[in-house]
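The values are calculated or read from the model by the stated rules, or taken from the named source; none is laboratory data. Quick caveat: nothing in here was measured; it's all calculated off a predicted structure. Note: ideal-geometry Cβ built from the backbone for every residue, glycine included; neighbour counts use all protein chains shown.
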Amino acid sequence: MVKLLKYEMKKQQTSRMVIGSILLVCVLGFALGMLLGREKLAAVSLAVMMMATFFVVFYVGIESILVLNRDLKTKQSYMLWMVPKSIWEILGSKFLAAILQMLIVFVMYVAVGLICILVTLQHTGHLSDLFKMIWQAGELYIDGLPSIIWGSAEIFLGWTVVIMAGFVGVILSRTLLLNAKYSGFLAVVVFFAIIIAVEKIYDLIPEILESAIKMVSGCPCEDGCPACVGDYNLDKKTVLWGLDNLLEESEPPVYLKKNIKEPQPVIRKEFSFFNLPDEWEKVCYAVVKNGEAGGQFLKTIKKVSTEGHKLILTMENEFYAKWLMEPDNLQSLTNTLRYHVICPADMQIRVRYEAKMDEQEKKERQKKRDRLQRRYDEQLGNE
């Protein structure tokens with residue numbers, strides 16, 4: 001994953017160098033203009049910097065989409081998907097590279113802004129007041145920290161949605177819509193459809209929060225119950241404040257820890273991981289008795305053994321073995337065993353397949369072993 005990320009960052013290295021060079025020239029022009037008293041040079045440099053900002057923000061936002069389209073459109077795509085990595089790792093590295101690219105450009109602009117502020121203060125003779133201004137700005141920053149965090153999160157999520165929608169549009173245009181007559185146009189339609197759908201969902205958030213507030217506040221309980229807050233341990237007033245605070249900032253209520261007297265259910269496990277080879281039939285019976293779906297399937301396992309913290313399951317049916325080795329099915333089995341059996345925290349499950357042999361095949365195999373053993377003994381006798 002790290003190597004893929006480095007490779008993707010190299011693809012966007014040229015754009016970073018161009019943006020950095022433009023900003024460097026503009027900030028040098030602004031600094032020289034202010035320090036030498038040439039206001040026109042400073043004004044032109046600042047104007048060029050501001051105009052370039054709009055183009056930079058737009059291009060950085062869609063650059064990763066253009067890179068993905070180029071990778072899929074050219075012969076480079078053949079090599080891209082031959083990398084011994086999953087498709088999620090490849091697309092994930094492209095997405096992370098897009099986020100890092102935006103962060104790097106943002107840091108560049110912050111540095112340029114600080115330099116321009118320092119040069120301006122030096123020119124006006126107010127550089128000595130810098131620390132006072134920083135202190136005042138810090139107080140404002142602390143007071144408005146939640147709003148700043150929320151605003152930054154909105155911008156980040158907005159660009160994330162744009163990048164993901166662009167990825168979906170490009171992938172559709174180069175796969176399912178490859179032979180379509182208007183594949184490019186359809187991909188653009190899909191892109192804007194995703195953006196509009198996300199925007200509509202975002203607009204529904206206040207309505208969802210208001211419905212949640214009505215549900216919690218309308219519950220007849222006093223302190224909170226599973227019907228309104230999902231748990232007896234949660235304080236109803238605190239939950240209501242959290243929901244209200246998402247709509248409008250307010251002071252938190254005084255939280256009083258609830259005294260819960262209801263007995264907590266305890267699940268007793270009667271089986272041990274290290275005794276599974278001897279108690280496997282009992283475990284299967286317990287799973288079936290509990291009404292779980294996988295109980296009958298567990299009975300198809302021919303042999304159970306343990307090696308350290310590894311549980312080895314031997315099966316005679318090749319299809320069942322492959323089915324059980326799928327991640328979702330293996331996780332389901334792990335959850336079932338942990339519910340009934342005291343298992344190590346780092347328990348691992350391994351599945352083996354051994355073809356079922358009838359009695360005739362076993363006899364033939366044993367004869368071959370006996371013949372090989374006799375030949376081996378004869379060779380030792382001759383020596």
Of those in segment 304-357 that are farther than 22 Å from Phe271 by Cα and of a type in the set (Phe, Trp, Tyr), the residue surrounded by the fewest Cβ atoms within 10 Å (Cβ to Cβ) is Phe319
Worksheet item: Do we have any residue at all in segment 28-47 that's assigned by TED's automatic domain parsing to the domain that holds Val105 and within 30 Å of Gly92 (Cα to Cα)?
Response: no
Just one listed residue, out of Val168, Val189, Val216, is aliphatic (A, V, I, L, M), in contact with a helix residue (DSSP H, G or I) (Cβ under 9 Å, 6 or more places away or on another chain), within 18 Å of Lys73 (Cα to Cα) and free of Cβ contacts under 8 Å to residues at least 40 places away in the same chain, and it is Val168
Q: Would you mind stating whether Phe191 is assigned to a helix (DSSP H, G or I), under 12 Å from Ile65 (Cβ atoms) and of a type in the set (Phe, Trp, Tyr)?
A: yes
* Does segment 173-182 include one or more residues that are among the aromatic types (Phe, Trp, Tyr) and modelled with pLDDT of 75 or more? -> no
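Being modelled with pLDDT under 80 and either under 30 Å from Val60 (Cβ atoms) or surrounded by 15 or more Cβ atoms within 10 Å (Cβ to Cβ) (or both): is that true of Gly230 here?
Taking the combined requirement at face value, the residue does not satisfy it.
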Residues in segment 1-60 that are among the basic types (Lys, Arg) and not in a helix (DSSP H, G or I) total 1
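Condition check ((1) more than 18 Å from Val162 (Cβ to Cβ); (2) surrounded by 13 or more Cβ atoms within 10 Å (Cβ to Cβ); (3) out of contact with any helix residue (DSSP H, G or I) (no Cβ under 9 Å at 6 or more places or on another chain)) across all residues:
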residue	(1), (2), (3)
Ser15	no, yes, no
Phe30	yes, yes, no
Gly37	yes, no, no
Phe54	no, no, yes
Glu89	yes, yes, no
Leu96	no, yes, no
Leu100	no, yes, no
Leu103	no, no, yes
Residue set Phe131, Phe156; condition modelled with pLDDT of 70 or more and assigned to a helix (DSSP H, G or I); output residue Phe156
Does segment 289-303 contain any residue that is more than 21 Å from Ala355 (Cβ to Cβ), modelled with pLDDT of 85 or more, crowded, with 16+ Cβ neighbours inside 10 Å and in contact with a strand residue (DSSP E or B) (Cβ under 9 Å, 6 or more places away or on another chain)? no
Leu380 meets each of (1) surrounded by fewer than 10 Cβ atoms within 10 Å (Cβ to Cβ); (2) of a type outside the set (Gly, Ala, Ser); (3) assigned to a helix (DSSP H, G or I); (4) at pLDDT 75 or above with one exception, condition (4)
